[in-house]
Number of protein chains: 4
Amino acid sequence: MAVQVAVCGPGECTGRERAEAREVGRLLAGRGAVVVCGGYGGVMAAVAAGARSAGGVVVGVLSGADRAGAAPDLTVALPTGLGQARNALIVNAADAVIVVGGSWGTLSELAMAMRRGRVPVVQLGGWRVVDGDGRPLAGVRYAADPAEAVRLTGLWD
Amino acid sequence: MAVQVAVCGPGECTGRERAEAREVGRLLAGRGAVVVCGGYGGVMAAVAAGARSAGGVVVGVLSGADRAGAAPDLTVALPTGLGQARNALIVNAADAVIVVGGSWGTLSELAMAMRRGRVPVVQLGGWRVVDGDGRPLAGVRYAADPAEAVRLTGLWD
Amino acid sequence: MAVQVAVCGPGECTGRERAEAREVGRLLAGRGAVVVCGGYGGVMAAVAAGARSAGGVVVGVLSGADRAGAAPDLTVALPTGLGQARNALIVNAADAVIVVGGSWGTLSELAMAMRRGRVPVVQLGGWRVVDGDGRPLAGVRYAADPAEAVRLTGLWD
Amino acid sequence: MAVQVAVCGPGECTGRERAEAREVGRLLAGRGAVVVCGGYGGVMAAVAAGARSAGGVVVGVLSGADRAGAAPDLTVALPTGLGQARNALIVNAADAVIVVGGSWGTLSELAMAMRRGRVPVVQLGGWRVVDGDGRPLAGVRYAADPAEAVRLTGLWD
């Protein structure tokens, strides 16, 4: 079975985040990875478009109970009907998690990925979490661009 | 996006059910449908093998939190970590549901598909449900063989 | 911690089912059991009313993401936002499952309870499941009235 | 139906967090609120103990599929079998969310509560989230002690 990489990010994003997500998707598909995402707009639609442009397989794990609003470039749309609980599924499906940009929903995915703890978690832009003394928490890998984000997953070392 | 058909059935099945599930998978993939299944053994593995033999895309929606035990012929394995609650997801993902053979888990998927009520539900073999007076309940379509099961979905009329 | 009994049944039910569910709830609360149900109308509201009339604790595990439509007699309403997947939670919470009346949603709960297999499952009225040869399946305990339903759980032997 | 308040926090916590959680539980139960928590150790067990000491109702929404490891002071233990996806349920059940202490699991609950956006979210100690420019994100209310945490929910204004 192919390597699976989750790419998480906000449904409303900046143009830069959109471009970065698209490039991340293109690079992952080019390496043969299946891309798993939330399946809607913004970063999710962009990573799907990028992966599809490289002939890849993209699964959208939707929060809704049907395929309404699904990104057009998904290979498979999986309407979970779970609401936000679906964020846990995106994380469970991944051999590595790449986070592009920041939002509360995105942060919940980052946090569950860190809580799960089995796979690399890479952040490209977005929010930061600090402990009660203002110190950054260990564990997240920070990338400066899409190529570094894919490289920091360590999946192709 | 492609048509998606869920194929449900027991993890421990008869040789006949296995052969029927494989043929259902082959026929569905031949028509360009994405096959969604529970992703483990028995009917699930057989439908995946059949779909793959025809070059199709098969998604296994696993009850476990990782890919342990996943059928080898899946294109994508989605470990939900939801236990039996994942049965609802298989149903939500489907434009039609085909049930091959009987088990309590399989019956729960049939029942949730009927409860959802939006898509055709076709049964090939397996158990029967009757009301308090012993009368069969309306709504399920019964097929005699894999070709009829695929035809009764009505997706290619 | 108290014994927990799930009582499942349709949101639209007959007067007889409503009366039976209410009596089941009353009897369970009288024995100190926490009642777990789906939290909406019909059998669910009736079992909650019965349990409350005896001073019991009733938890409604709702399919919706908020408390809209919750039965008035619940002690706690837990809006899961999971849709039908919440049926699995009702079953997981139970030391015994009592099913009153029949519907597709109710059948999915019965089936998941039988699939789980750890606890007694008692049916009062409702639908029947038969195998491919028309023979009843082993395992479900059939009660003729609410008192027998509670007794057949075996929790107070 | 009673007001419901979710109290979230790590399973492994400091003595101070434990004491604060216990006091939060006691204060909430004293005001008649049902307390919803994750149902295991640390902050979860402490808030349950506090609520119970004041005669309150406490629901533990467990990630596991059975009641193993549940805190002793729960009124009801709801084993969801959903893994981390259960965090969304705790948030959905709440008229207000109080977070005591920090961990990745706790942060996922905070993030989903903020994403849901319908109810006040109060933090007592714990981690902080900042945007890409290092600025704190708007919306979370910060309390200095348990009494202020309960007050900042605004539920008893």
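The values are calculated or read from the model by the stated rules, or taken from the named source; none is laboratory data. It should be emphasised that the depicted structure is a prediction, and the values quoted were computed from it without experimental measurement. Reconstructed Cβ throughout: ideal geometry from the backbone, glycine too, with neighbour counts over all protein chains shown. Quick note on the areas: whole protein, heavy atoms, side chains included, nothing else; ligands and nucleic acids left out. Shrake-Rupley method; radii C 1.70, N 1.55, O 1.52, S 1.80 Å.
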Worksheet item: Net charge near D:V61, counting Lys/Arg +1 and Asp/Glu -1 over other residues with Cβ under 14 Å of its Cβ?
Response: +1
Worksheet item: Just how far, in whole angstrom, is region C:3-72 from region B:77-112 if you go by their alpha carbon centroids?
Response: 26
Item to complete: Could you tell me which chymotrypsin sites (Phe, Trp or Tyr not before Pro) in region C:48-156 are loop residues by DSSP with no more than 16 other beta carbons within 10 angstrom of their beta carbon?
Response: C:W156
Item to complete: Taking a label point 7 Å out from Cα toward Cβ, give me the nm distances from D:D133 to the same spot in the other copies, shortest first, one decimal.
Response: 2.9, 7.2, 7.6
Worksheet item: So if R0 is 41 Å, what FRET efficiency would D:R31 and A:D131 give, r being the distance between their Cβ atoms, rounded to the nearest 0.05?
Response: 0.85
Response to the item:
chain B, Gaussian network, Cα under 10 Å: of B:D66, B:D145, B:D133, the residue fluctuating most is B:D133
Discussion item. Just to be sure I understand: of the beta bridges DSSP finds with both ends in region B:15-157, what percent are antiparallel, rounded to 5?
Written reply: 5
Worksheet, complete the sentence: Gyration tensor on Cα atoms of the protein assembly as shown, a ≥ b ≥ c root eigenvalues, a/c under 1.5 rounded, else prolate if a/b beats b/c, else oblate, says oblate
Item to complete: Report the residue of chain B with the smallest Cβ-to-axis distance, using the rotation axis that brings B onto D, in whole Å.
Response: B:L82, 3
Worksheet, complete the sentence: Rounded to the nearest 100 Å², the accessible area hidden between B and A, summed over both chains at a 1.4 Å probe radius, is 2200
Worksheet item: Size of the dipole of the protein assembly as shown about the Cα centre, Lys and Arg at +1 and Asp and Glu at -1 on the beta carbon, nothing else charged, in debye to 20?
Response: 0
Item to complete: Give the share of C-alpha pairs in each 10 angstrom bin for region D:100-157, from 0 to the last occupied bin, in whole percents, shortest bins first.
Response: 21, 55, 22, 2
Worksheet item: ³J(HN,Hα) across region A:54-63 via Karplus (A = 6.51, B = -1.76, C = 1.60, θ = phi - 60°), whole Hz, x for Gly/Pro?
Response: 9, x, x, 9, 10, 10, x, 9, 7, 6
Worksheet entry | Within 10 Å of each Cβ in C:96-109, the average number of Cβ atoms from other chains | 4
Worksheet item: For the protein assembly as shown, what is the accessible area per residue in Å², given a 1.4 Å probe and the full set of protein chains?
Response: 34
Practice prompt. Report, as an integer, the average count of C-beta atoms from other chains found within 10 Å of each Cβ along B:131-137.
Written response: 3
Worksheet item: Stokes-Einstein D for region C:4-152 at 10 °C, 1.306 mPa s, Kirkwood Rh over Cα pairs, in µm²/s?
Response: 108
Worksheet item: How large, in percent, is the carbon and sulfur part of the accessible surface of region B:4-152 at a probe radius of 1.4 Å?
Response: 47
Worksheet item: Hey, got the dipole for region C:48-123? About the Cα centre, +1 on K and R Cβ, -1 on D and E Cβ, debye to the nearest 20?
Response: 160
Worksheet item: Any idea what the relative contact order of chain B is, in percent, if you count C-alpha pairs under 8 Å spaced at least 6 apart?
Response: 22
Worksheet, complete the sentence: Within region C:1-74, DSSP-loop GluC sites (Glu not before Pro) with at most 16 other C-beta atoms within 10 Å are C:E12
Item to complete: Quick one: what are the phi-derived ³J(HN,Hα) couplings along region D:127-144, Karplus 6.51/-1.76/1.60 with θ = phi - 60°, whole Hz, x for glycine and proline?
Response: 7, 10, 10, 10, 7, x, 9, x, 8, x, 7, 6, x, 6, 9, 9, 10, 9
